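Report on the following structure.
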Amino acid sequence: MSHNVVVVGGGVIGLSIAWRLASGHDVTVVDPTPARGASWVAGGMLAPVTEAWPGEEELLDIGAASLAAWPGFAADLGIDLYTEGTVVAGFDAADAAQLDIVADYLARQGRTVDRLTGRELRRVEPTIGPSVRSGLRVPGDLAVDNRELLRRLTSSAAEAGVEFLREPVRAVRSGAVELAGSTLRCDTAVIAAGAWSSGLHPALASAVRPVKGEILRLRARAGTLPPPRHTVRAFVESRPIYLVPRADGELVLGATQYEAGFDTAVTAGGVRDLLVYGERVLPAIAEYELTETAAGLRAGSRDNLPLVGRLEPGVLVAAGHHRNGLLLAPITADAIRAMAAGAEPPAEIKAADPARLER
Ligand code: GLY
């Protein structure tokens, strides 16, 4: 039965939900600046395997299920995916030990991963610098141009009938979304406001927090080496970074990670660290044009799992996706669509039930 849904938040999660719900429901997205925030700043890695860490098996399962849904999701949107996969580079003995832990963990999970020397890694990805000593090759990870994705989601949602209201939201309760001077009545409200979700409903009060991340965008120039073919992740003397190529010669270099409230200033120290570590991984970037610096706020949860489920009758949440918002967009949208229809969501998403907050 068609009903009226208000999605609070127009980042990748809110837009994906709105687009997927639009056939069958009247959907409104409320966000003063849709298609911006952390989704706009993101690198675009769809990489459950290389974001995985021992102890986070449920997150890996949700990520793997969402990765499997990505080709269909992308095809429906008419957007291309990058399919070269990921390589991971390490420098010192501690980095090599880190790669061993990741490789062993992934092997135990039944995931394919090749352990390489620095020389073997350079054969796979020749742009990698000479001081890299160890590596992994992880086929199967995907990547997407996050900004193109946001444009496609926005236009596809609008074409499917989704309305956009550019206003801040004060609070969400059963059957109602409170704006500054008015109330939007709805059958279902979906809180998908990333790091801002905690201020919108009492059940989320301390459940989601902002985790700042800075990124750089660089561009290859005439006469420089082109960007890598693969997504490159690295531990540079224990500091994790990633470099994600785009088809047009752009390279996203990220990311810092620290807790600074809702601060989104790009710091000199953050830019310096990314450039210093990035150049050690890919020396060619020193000659690239630095085209953009930006900071976004990931929505961190207490256990790194997202919060996807029912808060009270008529109120669903889809927030707390932390480092995995783009990756988890398809499974989150499928789950919310199922829940809004009173159906069972995908099995893997049950670990993200916000009921765990009460335990
Ligand atoms: N997923 C990459 C990041 O959060 O920086």
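Quick look at the numbers
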item	result
Two-site label geometry, Ala158 and Arg302: point separation in nm, points 7 Å out along Cα→Cβ	4.1 nm
Between segment 264-322 and segment 23-79, the alpha-carbon center distance in angstrom	14 Å
Per-pair calculated FRET efficiency, R0 = 25 Å: Asn4 and Leu179 via Cβ, rounded to 0.05	0.95
For segment 1-148, size of Cβ-based charge dipole, Lys and Arg +1, Asp and Glu -1, in debye	280 debye
Förster-model FRET efficiency, 22 Å R0, Ala247 and Asp92, C-beta, rounded to 0.05	0.10
Added length on full extension, which subtracts the Cα-Cα distance from 0.36 nm per residue, Glu312 to Glu292	3.0 nm
Computed lengthening from Glu148 to Thr33, 0.36 nm per intervening residue step minus Cα-Cα distance	39.8 nm
Spin-label zone in segment 32-59 - amide nitrogen under 19 Å from a point set 7 Å from the Cα of Ala171 along the C-beta vector	none
Within the chain, helix-based [θ] at 222 nm, where runs of 4 or more DSSP H residues each add -39,500 (n - 2.57), nearest 500	-9000 deg cm²/dmol
Contour minus Cα-Cα distance for Ile79 and Arg359 (0.36 nm per residue)	96.8 nm
Cα gyration tensor shape for segment 36-194, rounded if a/c is under 1.5, else prolate or oblate	prolate
For segment 250-359, size of Cβ-based charge dipole, Lys and Arg +1, Asp and Glu -1, in debye	400 debye
Distance in nm between pseudo-label sites at Glu58 and Leu225 (7 Å out along the Cβ direction from Cα)	4.2 nm
Prolate/oblate/rounded call for the chain, Cα gyration tensor, a/c under 1.5 rounded	prolate
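Read the figures in this text as sums done on the coordinates, not as results from a lab. Keep in mind that what you see is a predicted model, and the values were worked out from it rather than measured. Ideal geometry is used to build each Cβ from the backbone, glycine not excepted, and the neighbour counts take in all protein chains shown.
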